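*Asks:* My questions all concern the structure below.
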Amino acid sequence: MWGFNGTLFQPATFQLTGIPGMQTGQVWVALIFCILYLISIIGNLSILALVVQESALHQPMYYFLSMLSLNDLGVSLSTLPTVLATFCFNYCHVGFDSCLVQMFFIHTFSFMESGILLAMSFDRFVAICDPLHYATVLTNRRILAIGLGILVKSFITLFPFPFLVKRLPFCKGNVLHHSYCLHPDLMKVACGDIHVNNIYGLFVVIFTYGIDSTFILLSYALILRAVLAIASREQRLKALNTCMSHICAVLAFYVPIIAVSMIHRFWKSAPPVVHVMMSNVYLFVPPMLNPIIYSVKTKEIRRGILKVFQKSQN
């Protein structure tokens, strides 16, 4: 669709949407989101502060955990402005370019999380399958290179998205189905030829989630084989216990993604509230759960928290 001046029609703003059917309970929804943001931001900042302050946590596993916490902060802060504006202040509009920027950062941090979880599975693989070379394989320099590699890969892969969206006309209205901007949501209101966007989007999903999840599964297959070769039952349980936090983090990240994909593909007639709620779970639950998982399941993190708590009381 073309504008009166011969340029592609692009709306000045997009209208964001809260949760369908919950207009009367908007205050409670806003309160829940505020609590989720507080838990996520305070929890991840606490993990980062602990790793920086406690010399006992200056190990590869906790450096990767710091990357995960930093990335989860990025996910939360990317969605926070529009979600709070929509639910707390009833301001449901976002500028076209601002929407594209938010879309870029949400998807970039999401794909980075997948890469960090893969790096953490490699850390567990080396720690269990080749413990004697753990310190020489995962040096500080290599950990930094892995982190930068994940950042650069995600940035370059997602960089074309805003430009691919910006070239499209929007003739199906300007109302989005979430309180933040996502690429699939923008495609629903775009017109013209969106095949390039869809094909590239599928390529990015396979190139990131597909490859990362495959290598995570492969890592744990090798870890399981190494653990079963250990003679002592106590040592087997101890080795598996060091992986439990990471396994929970992987499940918290991938289960909502799989659920969203399954609902979108096989239950298209589902009420809009189902699609919206599952998308919210996909973006809000992992950043909130990860600090809790590692605080509960990791002895060194618990010890660090108790140490800080005891210092504050003295």
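The values are calculated or read from the model by the stated rules, or taken from the named source; none is laboratory data. For clarity, every value in this text was computed on a predicted model and none was experimentally measured. Here the Cβ is made from the backbone with ideal geometry for all residues, glycine too, and neighbour counts use every protein chain on show. For the accessible areas, the whole protein counts, side chains as well, though only heavy atoms, and no ligand, DNA or RNA atoms are used. Shrake-Rupley method; radii C 1.70, N 1.55, O 1.52, S 1.80 Å.
*Asks:* Could you tell me which of Tyr200, Ile32, Phe161 has its Cα farthest along the dipole of the chain towards the positive end, charges placed at Cβ (Lys, Arg +1; Asp, Glu -1), taken about the Cα centre?
*Replies:* My answer, from the dipole projection, is Ile32.
*Asks:* For the chain, can you list the cysteines whose C-beta has no other cysteine C-beta under 4.7 Å from it?
*Replies:* Singleton cysteines: Cys34, Cys88, Cys92, Cys129, Cys243, Cys248.
*Asks:* Just for the Cα atoms in the chain, what are the lengths along the principal axes, largest first, rounded to whole Å?
*Replies:* Dimensions of the chain along the principal axes of its Cα atoms: 73, 46, 37 Å.
*Asks:* Compute a Gaussian network model of the chain, connecting alpha carbons closer than 10 Å, and tell me which residue from Met277, Met61, Met112 fluctuates the most.
*Replies:* Its mean-square fluctuation being the largest, the pick is Met277.
*Asks:* Also, I was wondering about something else. Which one of Ser279, Ser261, Ser40 has the biggest mean-square fluctuation once the chain is modelled by GNM with Cα springs under 10 Å?
*Replies:* Of the options given, Ser261 has the highest mean-square fluctuation.
*Asks:* Also, I was wondering about something else. Taking amide H positions as placed 1.01 Å from N in the peptide plane, with prolines and chain starts having none, which residues 5 or more places from His93, or on another chain, fall under 5 Å of its amide H?
*Replies:* Those lying under 5 Å, H to H, from His93 are Leu16.
*Asks:* Under a crude label model (7 Å from the Cα following the beta-carbon direction), how far is Phe215 from Val296 in nanometres?
*Replies:* In this crude spin-label approximation the distance works out to 3.0 nm.
*Asks:* In percent, what relative contact order does the chain have, based on Cα pairs under 8 Å that are 6 or more apart in sequence?
*Replies:* On the way: 338 pairs, mean separation 85.3, N = 314.
27 percent.
*Asks:* Tell me the mean residue ellipticity at 222 nm calculated for the chain from its helices only (DSSP H runs of n ≥ 4, each -39500 (n - 2.57), averaged over every residue, nearest 500).
*Replies:* On the way: 13 runs with 230 residues, N = 314.
The per-residue figure over the chain is -24500 deg cm²/dmol.
*Asks:* Shifting gears a bit: What accessible area per residue, rounded to a whole number of Å², is obtained for the chain using a probe radius of 1.4 Å?
*Replies:* Values: 16610 Å² over 314 residues.
Accessible area per residue: 53 Å².
*Asks:* Right, next: Quickly work out the Ala259-to-Ile42 label distance, labels modelled 7 Å from Cα along the C-beta direction, and quote it in nm with one decimal.
*Replies:* 2.5 nm
*Asks:* Under 26 Å between C-alpha atoms is the cut-off here; go through the chain and count lysine pairs that meet it, provided they're at least eight residues apart or on different chains.
*Replies:* The number of close lysine pairs in the chain is 12.
*Asks:* Modelling each spin label as a point 7 Å along the Cα-to-Cβ direction, I'd like the Lys311/Ser232 distance in nm, to one decimal.
*Replies:* Between Lys311 and Ser232, the label points sit 3.3 nm apart.
*Asks:* Can you tell which of Leu57, Val274, Phe14 lies farthest toward the positive end of the dipole of the chain, using +1 and -1 charges on the Cβ of basic and acidic side chains (Lys, Arg; Asp, Glu)?
*Replies:* Leu57
*Asks:* Express the carbon and sulfur contribution to the solvent-accessible surface of the chain as a percent, rounded to the nearest whole number, probe 1.4 angstrom.
*Replies:* Working: 11920 of 16610 Å².
Ligands and nucleic acids excluded, carbon and sulfur give 72 percent.
*Asks:* About its Cα centre, what dipole magnitude does the chain give when the only charges are +1 on Lys and Arg Cβ and -1 on Asp and Glu Cβ, stated in debye to the nearest 20? All intermediate terms of the calculation are to be shown ahead of the outcome.
*Replies:* Numbers: 20 positive and 11 negative charges, 116 e Å.
Charge dipole of the chain: 560 debye, to the nearest 20.
*Asks:* Follow-up question, since we're still on this one. If we count every other residue with Cβ under 14 angstrom of Asn71's Cβ, Lys/Arg +1 and Asp/Glu -1, where does the sum land?
*Replies:* On the way: positive: Lys153; negative: Asp72, Glu113, Asp212.
Summing Lys and Arg as +1 and Asp and Glu as -1 gives -2.
*Asks:* With springs only between Cα atoms under 10 Å, which of Leu16, Leu224, Leu118 fluctuates most in a Gaussian network model of the chain?
*Replies:* Looking only at Leu16, Leu224, Leu118, the largest GNM fluctuation is found for Leu224.
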